[in-house]
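Asks: I'd like to ask you about the structure that follows.
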Amino acid sequence: MNPLPRIVGAETLDGLAEDDPAAMRSRRDLQRVHRVMGTRSILLGSLREWSLPRAQSDVLRVLELGAGDGTLMLRVARSLAPAWPRVELTLLDRQALVRPQTLRQYAGLGWTARALRMDVLDWAAEPDPPPGPRDSGPRWDVIVANLFLHHFQGAQLNDLLRAVAARCTHFLACEPRRARVALIGSHLIGALGANAVTREDAVLSVHAGFQRRELGALWPGRDEAWTLREGPAGLFSHCFSAVRAQGA
Ligand SMILES: C[S@@+](CC[C@H](N)C(=O)[O-])C[C@H]1O[C@@H](n2cnc3c(N)ncnc32)[C@H](O)[C@@H]1O
């Protein structure tokens, strides 16, 4: 069977205002979709494999790109907080979607969370910040992207990955898996009660998703400086992680 070509199409949700009822409903659908995809467990499994934090007193600086309303990471944080007790979390998205209540829920876990409204391409185009205060290492300990990289292709995706590689020691992306099983799943998403926006975007997302070693092939870091892992996760996801070697 021929592999599915990668096709990046404009998703309906990205063109809707934050307070558009169809967009609000679609974001609620997404929380249900994550439960079916097992996203929380997939992210947790990867994050727990990393030997972080280094000491109880260290604050971990975590950035999520395209964080949406921040609720997926909150579900991850609830399980991760005992192992990662001190986290400064930045939730970047070009829409202002994070509710004050969500930030308070992070605070209840001991995490300091803030929402940063910004286009990620502007973030990537900024000059690389000077090294963080702790040592001469990069600005972020961890950058996470979930259902996000698939929005980009070509020079934009290259620029984004270059900025990520320059600014963190650990990177994890969990994206739609571009495979027939995921495509069938995306066509059945109406069974979850998803609205028309979610149903359409789910199919587009799979076509724009990743497979094989596609993200690793674009990763700009030198081979010896990074440990890369990439492959299917669950039925519907495709994960990529990059861990910088000590001192690299
Ligand atoms: C499919 S949602 C995923 C949200 C969240 N990561 C999750 O998995 O629940 C994609 C998110 O990316 C954001 N987004 C799309 N293009 C963006 C850009 N150029 N810069 C920043 N955020 C962007 C959208 O606003 C949306 O919240």
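The values are calculated or read from the model by the stated rules, or taken from the named source; none is laboratory data. Not measured: the values here are computed from a predicted model. Cβ atoms come from the backbone with ideal geometry, glycine included; neighbour counts cover every protein chain shown. These area figures cover heavy atoms from the full protein model, side chains too; ligands, DNA and RNA do not enter into them. Shrake-Rupley method; radii C 1.70, N 1.55, O 1.52, S 1.80 Å.
Asks: Could we say that GLY70 is within 13 Å of the ligand (Cβ to nearest atom) and more than 18 Å from ALA202 (Cβ to Cβ) here? Outline the logic, then answer.
Replies: Values: within 13 Å of the ligand (Cβ to nearest atom): yes; more than 18 Å from ALA202 (Cβ to Cβ): yes.
Here the answer is yes, as GLY70 does meet what is asked.
Asks: Is it true that ALA166 is open to solvent by less than 30 Å² (accessible area, probe 1.4 Å), touching a residue at least 24 places away in the same chain (Cβ under 8 Å) and either more than 11 Å from the ligand (Cβ to nearest atom) or under 29 Å from GLY216 (Cα atoms) (or both)? Step through it out loud before you land on a result.
Replies: On the way: open to solvent by less than 30 Å² (accessible area, probe 1.4 Å): no; touching a residue at least 24 places away in the same chain (Cβ under 8 Å): yes; either more than 11 Å from the ligand (Cβ to nearest atom) or under 29 Å from GLY216 (Cα atoms) (or both): yes.
Answer is no for this residue.
Asks: Sort out for me the helices (runs of 4 or more DSSP H) sitting completely within the range 118-237 that have 1 or more residues that are within 24 Å of GLY45 (Cβ to Cβ). Show your work before the answer.
Replies: On the way: elements: 120-125, 154-167, 180-187, 196-208, 214-218.
Of the helices (runs of 4 or more DSSP H) lying wholly inside the range 118-237, those with at least 1 residues that are within 24 Å of GLY45 (Cβ to Cβ) span 154-167, 180-187, 196-208, 214-218.
Asks: What are the residues in the range 84-102 that are within 16 Å of the ligand (Cβ to nearest atom) and more than 18 Å from the chain's Cα centre (by Cα), if any?
Replies: Within the range 84-102, just ARG99 meets the criteria.
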